[in-house]
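Just so you know, all these numbers are worked out from the coordinates, no wet-lab data involved. Source: prediction; values computed, not measured. Here Cβ is always computed from backbone atoms with ideal geometry, including for glycine, and neighbour counts include all displayed protein chains.
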Amino acid sequence: MDDAAEEERFTLRPYQDEMLRESLKRNVIVAMDTGSGKTAIAIERARAALEVCPSSQIVWFLAPTVNLCMQQFSVFEKHLPAYKSRVLTGHDNIDRWTDQIQWDAVLQDIRVVVSTYGLLHEALGHGFVQMSSLELIIYDEAHNCIKDNPGNKIMQDFYFRNVSQGKPVPHVLGLTASPVISGGVQGISDLEMNMHSRVITPQKARSELLKHVHQPHLCKITYPSSESSPATAIPPLLQALSHEERHYDIFTDPYVLELRSSDPAKLMTAVMGRQTYCFQHLGKVHRQTLSVLEQLGPTAATRYLSDTIERFNGLYNRNGQLAAWDNEEKEHLRRIFLRISQTAQTATEGQSGSDEPDVLSPKVESLIKLLESESENMTGLIFVKERANVRALANLLSRHPVVGSKFVIRDFVGLASSDKKAKHVVEPVDIKKQLKTLEDFRTGVVNFIVATSVLEEGIDVPSCNIVICFDPPGNLKSYVQGRGRARHERSKYVIILPEGDPVAGPHEWAELEEEMKQEYLRNMTIDSTPMEGSEKVGRRQYRVESTGALLTTDNAMGHLYHFCTTLYSVSYVDMRPQFAYHSDKSGMVSAEVTLPACVDPSLRQFRSSRSFIAEKNARADAAYEAYLGLYQAGLINDNLLPLTKEPETVEMATNPNAQLIEVATRLNPWAAVARQWSDEGELVEYCISWTKDRKEFPDFSLRVPCELVIPPQFTVHLNPSTTYEISIRKVGRLPYTKANFDGFQGFSKALLWPVHSSRMVAGTEPFVTPFGPREYANLDACTFQWMSNPDLGKQPVLDVLGVLDQDLKGRIVHHKYQMWHRFVFQRVAEPSGGDEGVNIVVTQFLKRRDFLHRVATGLLSHKYTTELILPASECFFESLPVDFVTFSLFIPSILRRFEMRMIAEELRTTLLGPVGIQNLEYVQTAIMHDAAQEDSNYQRQEFLGDCVLKYIMSVDVISKNPKWPEGYLSQEKDRRVSNRRLCRAALDKGLDRFIVNDSFTGLKWRPYYIHEVLAAEPEKRELSPKVIADVVEALIGAAMLDGGVPAAQSCITLFLSDFQLAPIKESVAELFSHASDAALNLASLETLVGYIFRKKSLLLEAITHPSFQQYGPMVTNSYQRLEFLGDAVLDLVVVKRIWETHSHLEHHEMHDARAAVVNSLILGFLCMEFEAQPSPSTSDLAAPGSASRLCDFLRYSSAGVFAVREKAFERYGQFKMEVREGLTHGTVYPWAALCRVQPDKLFSDMIEALVGAIFVDSGGNEDAVVQFLERAGVWRVLERLLSGGMLARHPKVELGRLARGQKVDYESEVRSGMWWCRVIVGGKPGVWCTGTTRVDVETEAAMRGVQRFGKVDLEADVGTDLDTGLGTGSDTNLEIVSETEMDLSP
């Protein structure tokens, strides 16, 4: 970083001010020495632009490296705090920002962006950023903007285009210490032309500049040339390495061995060109060591090679390292390095080791002599060209007895790391150590850094006393940049050269630099005239007008490879584009590119538009033709990127991991009823009848001003052994009168008060739902009088005893010291000697208010069954009869049933009106979360709806996109059915207010008062996005159950209205129309499948593996598209079968059954079993020459597929009887046995592709699909599962359930080529299992865990007391007598 920019607040120096003023007049490239404060000019130029431009405009600062970006961003952020800034690098995963919405969200309110050249070029190229939106572009290290540098491409591809079209362009400011990379005044003109700018340097204030820039003393040190030096002896270790490379046996290379069995076509290329990683890596180590030998001498070469071998062995033995390598390659190289070490050791046996002096090159000796002469407080940089020499030289100097003790020396090769395997060993980069080196250098801990040219520019290092060029500068830029690091007064810049070398020394470089300065000093006096850019000759380009995205022959290759990486990879298939070249008679070359087989045949091959001299140009042109063709076919979007998932909205992107979101409060249907109450009109009367063991009790009435939705008959549970059946019917309408209103409201209060008074309002507030006795005439005088006037009080127990004793059981009793505490009268206590007065036996009154849920025996609090004795003289009876009290207890439960029904009906008739669902029960079930604890919840219907949604969307996506590969189809389907999308759609429609997730307990129940309901404020609540999405799927399931697929489609369209779904039959007909009518003879396969195809090409496509090299006129898609469709169809027919025959199953039972039938293991096994003449007792292989097995018809061209089939059939032959026995007679689904067979996915893909083919060819006939599944054995497995007696759940899932919250871990490891595993539950390990694959052993370990825990009674859940508990008071005379079952029943 420039020193002037380091200050917290700075004032521009005169020469900086001069440059700023020039940049405000025109586009300029400021050329000033390193350390002169160019960054300060950039900051003030950016400030000036931001102060006058619209807030939508951006200042974009460009730097050549990420490190420099981070460094300069911190400066801009500190000195321009008023403007929001952001740095963009590859670490931000920008390659995933594939839509304008994401870019707009990232750049919202941003005024300053700092990035690399390449990032802005990509953003402009894809149309995410427009050149007209930039106010100012600042190029740091502007001398790089030449030729194909991305900085130059920004100008040529976008800036000059806007200039030619008269569109706005940003101002340009360049910063450099050397405006040319290699000599010549012409370089300045080229740079000026490229950047539409003038190169300038301070003129008026040049003397001021010279005051602040300290030019180092230029020195040249020479050493004896190689001609005059004795020949360098080759050390034994390097001799052994050279021998291994010269005599390398290419036929033992692991890659060659693999190609022999998998891809013979590539074998010749690999062998003839020795294009294997192991050989290339060995060669690189050899070349690097030779370079060290030549530059530094034998000692350094031996140490370098020894360190490289030691580093490889360390990584080899360290778990998780070299993960990108094949095991065979690692082992192969390890053996080679071992032979090298052993050979060298044998050659040096008997020689003295550590006492031998270092053998150094003359060049190193001259460097050491220089360093020995410097003072101990010297700091400096030593620039070396090769990375290997950097490390070796730093190591050599650190171990030198004089230099190493005098200075702290470290190496630095940059902060960039590579994913390439070669970099891991030959050129390792430890980012933390490299950063520590820089920090220690800044703080003075380190004196010298040996570095590559990476420290010449960009990375912030302090001024040095000396800069040493161990290798001469490669160009003027390197000279100027490197020299600029020696900024201390009386510093030195040293170049080490061999004697008599014609390469320019420091003084020659200085003269060339001065010539350059004079040239751009003259620019200060020349008027700037517009300079037009021009397109490159022969360069083709296509621009998308809507976005400005640009495709050229320069970037097409990269785009095409990126497109292929977005396609779903397939085993044994090379997903890269393949190029072939054709030469004509004149020697000109044209190129043809072939894309992976998952691409539509019409888009699979493209040729270059013409012939070229060089293959490189022909290849680039063919790639351009291919990518343009893909764009025109709709497989590339207008930003010239592969189609990707719909971008998240800004709101969702800010918190992608949110577990809960705020939603509307649940609908209260009583609010609509409350609004209907008035002083006129009619009342609707409903009769509530209730019975116990066929005994009828007095009916009660509910009178409301509007129609309600009547719930079906239901059961209430008073206690574990006492239940009542409640049924409701509409009686008719009554005229509204004040007498009727007041009287019935009074009855309702009298009915509720004895039971619910603690949560009621005193006075005569009217109820929304008033209850009263159905037949007044049948009430006795006492009850009628009390019902009419409940304020008459309570009756002393002694006044009632002996009069109506036989009717008193169950009456409510109060004690005078605790009038708020209720008891239930049981009987008069037996007299006991010495007692005075009469005592009564009571139990505590039931506080529980939820009677909709059964209470298990033993979970009811003992306090309700414990009998107590109270003095009769201190007690009072509640006047309300027992049956009235019991009914009053049930009122909250009755209203809950009404409420749930009314919510469902409101949803059915409003939001779901267009769907036309008739069965209200389906709708009510769909909106019930399991937390609501209703009789049913949405899970089963969600299971169905999820399957139907996937099916309908899959059919729609594949029919509307006939040229999309399977990866695109899956991506689009997933986008449509994602929980996030369904959740957003539900919220937009207001579905959230209908979702019921509050459980009914009744404890806090409060009568609905009209004024309270009308005045209630809406409250927010939180729900999981998944719950909301699940409700949508449950409603789709409800529509499916009510009206089939058409109704389900209508429901989907209601929520996902941006998709215009065609009827299934029409979509299937569209798919059928795209299939070829070619005449094919596939009779034997049709006989095997049991279906005669109308279009044979569909059957051919279903058996074509992506590896198949197609030829002739009949070229089809691979089976992936049909497999995508078949997967959805298979799911649908299986789930429909489960619902049609076993709809009573629980959600998890349905899920387990489906998972056990449609998984790749069982489908693959059944494919291997599928024979022309199936026999229940045998499945011998087909006779030679005949294709009796279904999988024998698979078309493929990969040796890898052949090998995997053979291995699969070996496992099949070994374990098939175990699988068959498990499926036929087992009580547990044979998951473990299927894992041992481990059929490759291509077997199950074949079954699903055939399902898709039959579905399309039959016009969407599900019966035809079912017939094939019956023939394939899928239906037989399903019926076996549904018949009961077999646990279908996967053992891992079952073990997790049995563990009941205890942690379950699988400890897996490889021993002698076999996998071993044991399961650990709650810290307790199980037995070890062994097998050939990790999946196999983990499944077996889980199975044994299930067997183990299934026999052990795990700790049961403790029942919770359903009561909150009430104290009895110390002054109450209570005595526990015995325990009996509580009984409130009349």
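Tell me which lysines have Cα within less than 26 Å of Lys963's Cα, excluding those fewer than 8 residues away on the same chain?
Here the lysines satisfying the reach criterion relative to Lys963 are Lys645, Lys950, Lys973, Lys1065, Lys1095, Lys1096, Lys1241.
Determine ³J(HN,Hα), in whole Hz, for all residues of the stretch 26-32 in sequence, where each value follows from phi through the Karplus function 6.51 cos²θ - 1.76 cosθ + 1.60 and θ = phi - 60°; x replaces Gly and Pro.
Using θ = phi - 60°, the values come out as 7, 6, 9, 10, 7, 10, 9 Hz.
Could you sort out which of Lys153/Lys585; Lys220/Lys406; Lys25/Lys153 sit more than 27 Å apart by Cα distance in this structure?
Over 27 Å Cα-Cα: Lys153/Lys585.
Going by the alpha-carbon gyration tensor, a ≥ b ≥ c the square roots of its eigenvalues, is the stretch 1196-1283 rounded (a/c under 1.5) or, if a/c is not under 1.5, prolate (a/b greater than b/c) versus oblate?
Note, shape of the stretch 1196-1283 comes out oblate.
For Lys284, give me every one of the lysines with a C-alpha distance below 18 angstrom, ignoring sequence neighbours fewer than eight places off in its own chain.
Within reach: Lys330, Lys385, Lys420, Lys421, Lys423.
Counting Lys +1, Arg +1, Asp -1, Glu -1, what net charge surrounds Glu374 among other residues with beta carbon under 14 Å of its beta carbon?
Result for the neighbourhood of Glu374: +2.
What's the center-to-center distance, using Cα atoms, between the stretch 745-770 and the stretch 14-28 in Å?
So the two Cα centres are separated by 86 Å.
Could the peptides 992-1005, 57-70 be put in order, highest first, of the mean number of other beta-carbon atoms found within 10 Å of their residues?
Highest mean packing first, the order is 57-70, 992-1005.
Output the peptides 1245-1252, 556-563 sorted from most to least packed, where packing is the average of other Cβ atoms within 10 Å over each peptide's residues.
Taking the mean over residues of other Cβ atoms within 10 Å, the ranking is 1245-1252, 556-563.
Which of the peptides 1322-1334, 34-46 is most tightly packed, and how do the rest follow, going by the mean number of other Cβ atoms within 10 Å of each residue?
Packing proxy ranking, top to bottom: 34-46, 1322-1334.
Starting from the Cα of Lys730, draw a straight line to each of the lysines and keep only those under 27 Å, dropping any in the same chain fewer than 8 residues away.
Lys692, Lys695, Lys738, Lys749
Quick one: which of Lys1216/Lys1324; Lys369/Lys492; Lys1026/Lys1292; Lys147/Lys616 span more than 22 angstrom between C-alpha atoms?
Flagged as over cut-off: Lys1216/Lys1324; Lys1026/Lys1292.
For the stretch 1247-1324 and the stretch 1083-1133, what is the centre-to-centre distance using only Cα atoms, to the nearest Å?
Answer, in whole Å: 25.
Arg811's amide H: which non-local residues (gap 5+, or another chain) put their own amide H closer than 5 Å, with H modeled 1.01 Å from N in plane and none for Pro or chain starts?
Phe825
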